[in-house]
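Encoded as structure tokens, the structure appears first; notes follow it.
The values are calculated or read from the model by the stated rules, or taken from the named source; none is laboratory data. Being a predicted model, the structure only gives us computed values, none of them experimental. Glycine gets a Cβ as well: all are built from the backbone with ideal geometry, and neighbour counts include every protein chain shown. Side chains included, ligands, DNA and RNA excluded: accessible areas come from the protein's heavy atoms. Shrake-Rupley method; radii C 1.70, N 1.55, O 1.52, S 1.80 Å.
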Amino acid sequence: MGAKKQIRNGNLKYEKCSDKEVLFLYDFFSKMFEKFMKAMEYPSDTDYAIDAYSLIDAIVRVDKRKAYFICFHNMLINEKKEAALYAYWFIKCKPFSIADERYCDDKNSSRINELFAAYIIYATLLFDDEEFTKIVAKKEEGKFTYHDKLMYSLHYRCFTIDSIMFLVDTITPESFEIEYDVEP
């Protein structure tokens, strides 16, 4: 039998993720944001900004929380919980912004971090940009969707890290089929 593989952060001292890993995730989220902008049907020439410091800060904070789970709970977090962590920190750190004057009075552009957080959550659940677009666009007169409720909550309500992880871990694709009569 070979030696047991040592898990990074398996002891009580946090071991930082490598610069290579941080840069990989930075590039991953930058490209994911571009896909998100297309899914939201923003023109390809839309001027947007990514605050590198805030995005890297969010990436490192997620890594630290994953280390926390390894160290104190002796477990790896699942993909849904990891998506929830990124969503949480993107809402807190606000690394993304629309700088295009065409959208300065647009509700979606003012909530771009919350929408991108939802996109990350949905991507984990659905793996499909077309489904995301359907969820965001779905609107029946006098009805409010799960997406409407989630966006309201992400924008106005306070979440702890654990509560958003629990919320995302319990969302199913069927959740998006629920309609509400009451405005969020």
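Extension gain for Glu177 to His155 (0.36 nm times residue separation, less C-alpha to C-alpha distance): 5.8 nm.
When the Cα positions of Ile56, Leu76, Pro43 are compared along the charge dipole of the range 26-99, Leu76 comes out farthest toward the positive end, with charges on each C-beta of Lys, Arg, Asp and Glu. Stretching Glu15 away from Asp162 to a fully extended chain increases their span by 50.7 nm, per 0.36 nm per residue minus the current alpha-carbon distance. How would the range 79-131 be classified by its alpha-carbon gyration tensor: rounded, prolate or oblate, with rounded meaning a/c under 1.5 and the a/b versus b/c comparison settling the rest? Cα axes put the range 79-131 in the oblate bin. What's the FRET efficiency of Thr46 with Leu23 using the Cβ-Cβ distance as r and R₀ = 30 Å, to the nearest 0.05? With R0 = 30 Å, the Cβ-Cβ based efficiency is 0.75.
Given axes a ≥ b ≥ c from the Cα gyration tensor, I'd like to know whether the range 35-88 is rounded (a/c under 1.5), prolate (a/b larger than b/c) or oblate. Cα axes put the range 35-88 in the oblate bin.
Within the assembled protein chains, the solvent-accessible surface assigned to Thr170 is about 70 Å², based on a 1.4 Å probe.
Along the range 107-123 the Karplus relation, 6.51 cos²θ - 1.76 cosθ + 1.60 evaluated at θ = phi - 60°, assigns HN-Hα couplings of 4, 5, 6, 6, 10, 4, 5, 5, 5, 5, 4, 5, 4, 5, 4, 5, 4 Hz to successive residues, with x for each Gly and Pro. Over 19 Å between Cα atoms, which of Lys13/Lys92; Lys16/Lys92; Lys38/Lys107 qualify? Over 19 Å Cα-Cα: Lys13/Lys92; Lys16/Lys92.
Would the range 22-125 count as rounded, prolate or oblate if I go by the C-alpha gyration tensor, calling it rounded below 1.5 in a/c and otherwise prolate when a/b exceeds b/c, oblate otherwise? Note, shape of the range 22-125 comes out prolate.
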